[in-house]
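Novice: Handing you this structure, nothing more for now.
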Ligand code: FES
Ligand SMILES: [Fe+2]
């Protein structure tokens, strides 16, 4: 691989999801883009996953000059740099009674950090996901906690509550639903949502963003659910509906990159987690997909 | 060069691009605009970005009076572009500084004109008074190149083109038919031709005229684009995104503007709206009035030196004037008499910007308004806001008699939600209130404003009917209790690191001001809540009527204009 097009060393040294493992069932090399670099992936004769960078046609599966690969949470992960930490943990994924589903991979014309902020945002539920995740006039975002865990280097927003019209299939009226959000990677986030089936446990929804470039991404969505009533197709359709509602909003955000200057936009208390996220990105010195604060 | 372009007027849309309740996306010199017409006809040209998270306002909703962002439902008022409501925090009034960038606009000859820093009048369009607006034709070429090519535009051999001072081109034929074409620079390499013909035929003649010019301009477009493609494209304009005001960086702060009369308004209309109640329509002398939120009041500085608070009764988007109601108070301190007897239409008054210490939640499933007498004024603005949004409410208005019903036309908008209770005795009023307040519940709220005794009684009834403190909102318009200022004590200002002595006979507010601490205030009688301040330590003797009993018991805030310390020392959060 020649000199990487992405000049952000922090972004370069991260692990990224590039495809669900199921895609490797298809014969031949598949192609995609990561941080403006064309890459290809396939299984070699020995059945191992191989990922490599190329320009133009991908050619056959190479024996050397391949990129680091990990299979995790049902996806192929790779990196264009040399990560100094492992992929973040999602312990729930391994619990025996959960259903792990690849919900979908969506393309969006927006920067990765704008997409992460959207994922963390509850205030838009009644307006964008009307009658599904929220409904007017129940628009209040109640106080919640945000902390940046030094030890795990991740953001945690807890005690988040939002009123939902159909909180659970079993209940007829609306009620507050509990959420916990984690941001363990600049371009990934994990959400825990109270499960209608088991009060002590939570459904998990994770997004892993694969930046094509600074203003175009695709996002892979993993579900790890306790639900045993709905079939995979219904669950996927539900997430696709939700995502289809966010997409036109995301693509109409200007600028597409996330401005890190605190005076670029107007935060309110409900945006506590986004404020923490922007500070955390600034602290890491991330420049990819953001507009760094003027020096 | 750059700034020259910014001070010009350019057509950015046709009037026909702004049908009712639509939002049109326009662009000038690289900057996008959201252009929308309010139901009162006013054309708004705004930066096409929500201040919150940058979402294009051109995908927002024009409800005729306000523009609502699609992402989190923030509302921006017609004319001022001030944010009137933030749904994520329904109990808070948005900071007054949350205001989108607006640009000058003129609608004339079927076109909408704007310019980042345009001022003054348009160049004369004499001869085009009855004109036809041609279809706009985009051209991927720089503005100057298009303007130059337009000099050769024509539909017969007698056509002659001439450049005008504003950069447009007028092409005139031998028979006097003329076309004036303006070039709108969308970006450095992207323009739009917008033409006017000095004829206004109807029917087939009109269709033919539009078609001919559409075809000719299309042809010119093709020629110019070939030419432009041979040149190196100029760099696109990079419009500067203005930063939001500093005080919004963390959490919207309250204003620190004290009791200032920063606005001058003219009393345009004074009329009796009910027995003893006069309605005043105040219009700006120049510029526009600041954004108000339902429940807000203004300080009016009266000719006799008194300062009084009056609630704004306007509905959402009625931003070209404020209407207030003033009741003649026999035992008032002479403020209302001055209004009734000496103010005249045409008089100029000094007022403060609107302040909202009585914010309206709009996340209730049902809202009950209870107004007594002149207490109806803030409720009118509130109920009109809910009504415009189609939210459920009921409006109970207690008056002595039919002659005492004020603002009949405005409350008439509430139709079936309105009940007027006339001439009830205090006992009958109590019984009625019990009935009205029979059903507390989830996401139900009640707002009360009226004379002191009625307000007290209503609060009591609400509490005994099971309404929680958080669900009951009220506003006193005067504090009738005797204020005791005979004690002396010390205040520590935690954030300013100052210790001040408050002697007998002086209020905390006065002492703060003497030491240069800018503390906003309005009524200075412990009724309006403007001078509220956080208490970190110490016990308070509350003498206000603004805080609820629960808030008073909690002891976390104080009204610095009337309340005092019970202990020797108070630590305040300023
Ligand atoms: S982006 Fe407009 S309301 Fe949040
Ligand atoms: Fe969403």
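Novice: Using the alpha-carbon atoms, what tilt in degrees (0 to 90, nearest 10) does helix A:272-284 show relative to the longest principal axis of chain A?
Specialist: So the inclination is approximately 20 degrees.
Novice: So, one more: Distance in nm between label sites at residue B:566 and residue B:469, each 7 Å beyond Cα in the beta-carbon direction?
Specialist: In this crude label model, residue B:566 to residue B:469 measures out at 1.4 nm.
Novice: Could you run the Debye sum over the Cα atoms of segment B:263-351, one equal point scatterer each and no solvent, and tell me log10 of I(q)/I(0) at q = 0.14, 0.21, 0.24, 0.26 Å⁻¹, two decimals?
Specialist: Per q value, in the given order, log10 I(q)/I(0) is -0.44, -1.03, -1.35, -1.56.
Novice: Shifting gears a bit: Taking the 0 to 90 degree range and rounding to the nearest ten, how far is the long axis of helix B:426-436 tilted relative to the main principal axis of chain B, both from C-alpha atoms?
Specialist: Once rounded, the angle reads 50 degrees.
Novice: Going by a ≥ b ≥ c, the root eigenvalues of the Cα gyration tensor, does segment A:78-181 fall in the rounded group (a/c under 1.5), the prolate group (a/b larger than b/c) or the oblate group? Spell out each step's value before the answer.
Specialist: Details: a/c = 1.69, a/b = 1.61, b/c = 1.05.
Prolate shape, in that a/c is at least 1.5 and a/b is the bigger ratio.
Novice: Looking at chain A as a GNM with Cα springs under 10 Å, which of A:206, A:229, A:22 has the largest mean-square fluctuation?
Specialist: Highest fluctuation of the listed residues: A:229.
Novice: Modelled label-to-label distance, residue B:539 and residue B:481, 7 Å Cα→beta-carbon offset: nm?
Specialist: Distance between label points: 1.6 nm.
Novice: I've got another one for you. Kindly state, as a whole number, the per residue volume in cubic angstrom of the convex hull around the alpha carbon atoms of the protein assembly as shown.
Specialist: Working: hull volume 193.2 nm³, N = 869.
So the per-residue Cα hull volume is 222 Å³.
Novice: Please compute P(r) over all alpha-carbon pairs of segment A:172-295, binned at 10 Å starting from zero, and give each bin as a whole-number percent.
Specialist: So the P(r) values, bin by bin, are 10, 34, 35, 16, 4, 0.
Novice: Quantify how strongly other chains surround peptide B:45-53 by giving the mean number of their Cβ atoms within 10 Å of each of its Cβ atoms. All intermediate terms of the calculation are to be shown ahead of the outcome.
Specialist: On the way: counts 0, 0, 1, 2, 5, 5, 3, 7, 15.
Mean shielding by partner chains, rounded to a whole number: 4.
Novice: Further, regarding this structure: Could you calculate the FRET efficiency of residue A:26 with residue A:232 from 1/(1 + (r/R0)^6), where r is the beta carbon distance between them and R0 is 22 Å, rounded to 0.05? Please list the in-between numbers first.
Specialist: Numbers: r = 19 Å, r/R0 = 0.88.
Once the sixth-power term is evaluated, E becomes 0.70.
Novice: Find how much the distance from residue A:175 to residue A:85 grows on full extension, using 0.36 nm per residue of separation minus their present alpha carbon separation; answer in nm with one decimal. List each step's numbers first, then the result.
Specialist: Numbers: separation 90, 0.36 × 90 = 32.40 nm, distance 3.97 nm.
Length gained, residue A:175 through residue A:85: 28.4 nm.
Novice: Let me ask something additional. Output the peptides A:213-224, B:228-239 sorted from most to least packed, where packing is the average of other Cβ atoms within 10 Å over each peptide's residues.
Specialist: Details: A:213-224: 20.8, B:228-239: 12.2.
Most protected by this proxy first, the peptides run A:213-224, B:228-239.
Novice: Ok, one more. Counting alpha carbon pairs within less than 8 Å and at least 6 residues apart, what relative contact order, in whole percent, applies to segment A:9-78?
Specialist: Numbers: 106 pairs, mean separation 23.2, N = 70.
Relative contact order for segment A:9-78 comes out at 33 percent.
Novice: Assuming a ≥ b ≥ c are the square roots of the Cα gyration tensor eigenvalues, decide whether segment B:532-574 counts as rounded (a/c under 1.5), prolate (otherwise, with a/b larger than b/c) or oblate. Walk me through the intermediate numbers first.
Specialist: Details: a/c = 1.43, a/b = 1.39, b/c = 1.03.
Here segment B:532-574 falls in the rounded category.
Novice: Right, here's the next one. Measuring from a point 7 Å past the Cα of residue B:212 along Cα-to-C-beta, which residues in segment B:179-197 have an amide N at less than 19 Å?
Specialist: B:179-182, B:194-197
Novice: Right, something else. Rounded to the nearest 0.05, what FRET efficiency do residue B:230 and residue B:202 have when you use their Cβ-Cβ distance and R0 = 45 Å? Could the numbers behind the result be given before it?
Specialist: Working: r = 43 Å, r/R0 = 0.95.
For residue B:230 and residue B:202, the calculated efficiency is 0.60.
Novice: Evaluate segment B:382-523: find the radius of gyration of its Cα atoms, find its Kirkwood radius, and give the ratio Rg to Rh. Please report the intermediate quantities before stating the final value.
Specialist: Values: Rg = 20.7 Å, Rh = 18.7 Å.
A ratio of 1.11.
Novice: Let me ask something else. For helix B:376-389, what angle does its Cα long axis make with the longest principal axis of chain B, in degrees from 0 to 90 and rounded to 10?
Specialist: Taking Cα atoms only, the helix is inclined about 40 degrees.
Novice: Oh, and also: Using a ≥ b ≥ c from the Cα gyration tensor of chain B (square roots of the eigenvalues), is it rounded, prolate or oblate, where a/c under 1.5 gives rounded and otherwise the larger of a/b and b/c decides, a/b for prolate?
Specialist: Working: a/c = 2.59, a/b = 2.05, b/c = 1.27.
Since a/c reaches 1.5 and a/b is larger than b/c, the shape of chain B is classed as prolate.
Novice: Can I ask one more? Determine, at each q value in 0.23, 0.28 (inverse angstroms), the log₁₀ of I(q)/I(0) that the Debye formula gives when each Cα of segment A:9-78 is one equal point scatterer.
Specialist: The computed values of log10 I(q)/I(0) come out as -1.06, -1.54.
Novice: Sticking with this one: Sort B:394-405, B:197-208 by the packing proxy (mean of other Cβ within 10 Å over each peptide's residues), most packed first. Write down the numbers at each step before the final one.
Specialist: Numbers: B:394-405: 18.4, B:197-208: 13.0.
Result, highest mean first: B:394-405, B:197-208.
Novice: Defining a contact as two alpha carbons under 8 Å apart and six or more residues distant in sequence, what relative contact order in percent does segment A:48-112 show?
Specialist: Values: 34 pairs, mean separation 13.6, N = 65.
Worked out over segment A:48-112, it gives 21 percent.
Novice: With no solvent and one point on each alpha carbon, what is the Debye value of log10 I(q)/I(0) for segment B:489-572 at q = 0.16, 0.25, 0.26 Å⁻¹?
Specialist: Taken in order of the listed q values, log10 I(q)/I(0) reads -0.52, -1.37, -1.48.
Novice: Binned at 10 Å from 0, what are the whole-percent values of the Cα-Cα distance distribution for chain A, short to long?
Specialist: That works out to 6, 27, 36, 23, 8, 1, in percent per bin.
Novice: Post the alpha-carbon centroid distance, segment A:269-295 to segment A:209-263, in whole angstrom.
Specialist: So the separation of the two Cα centres works out to 19 Å.
Novice: Let's test the formula: R0 of 30 Å, r as the Cβ-Cβ distance of residue A:3 and residue B:4. What FRET efficiency results, to the nearest 0.05? Intermediate results must be reported in sequence, preceding the final value.
Specialist: On the way: r = 43 Å, r/R0 = 1.43.
Computed FRET efficiency for residue A:3 and residue B:4: 0.10.
Novice: Let me ask you something else. Based on Cα coordinates alone, diagonalise the gyration tensor for segment B:353-429, multiply each eigenvalue by 5, take square roots, and list the semi-axes in whole Å, largest first.
Specialist: Working: eigenvalues 93, 40, 31 Å².
Ellipsoid half-lengths, sorted descending, are 22, 14, 13 Å.
Novice: Tell me the label-point distance for the pair residue A:148, residue B:553, using the 7 Å Cα-to-Cβ offset, in nm and rounded to one decimal.
Specialist: Those two pseudo-labels are separated by 4.1 nm.
FYI, it's all coordinate maths here, none of it is from the lab. Keep in mind that what you see is a predicted model, and the values were worked out from it rather than measured. Because the Cβ atoms are built from the backbone with ideal geometry, glycine has one as well, and the counts that use them run over all protein chains shown.
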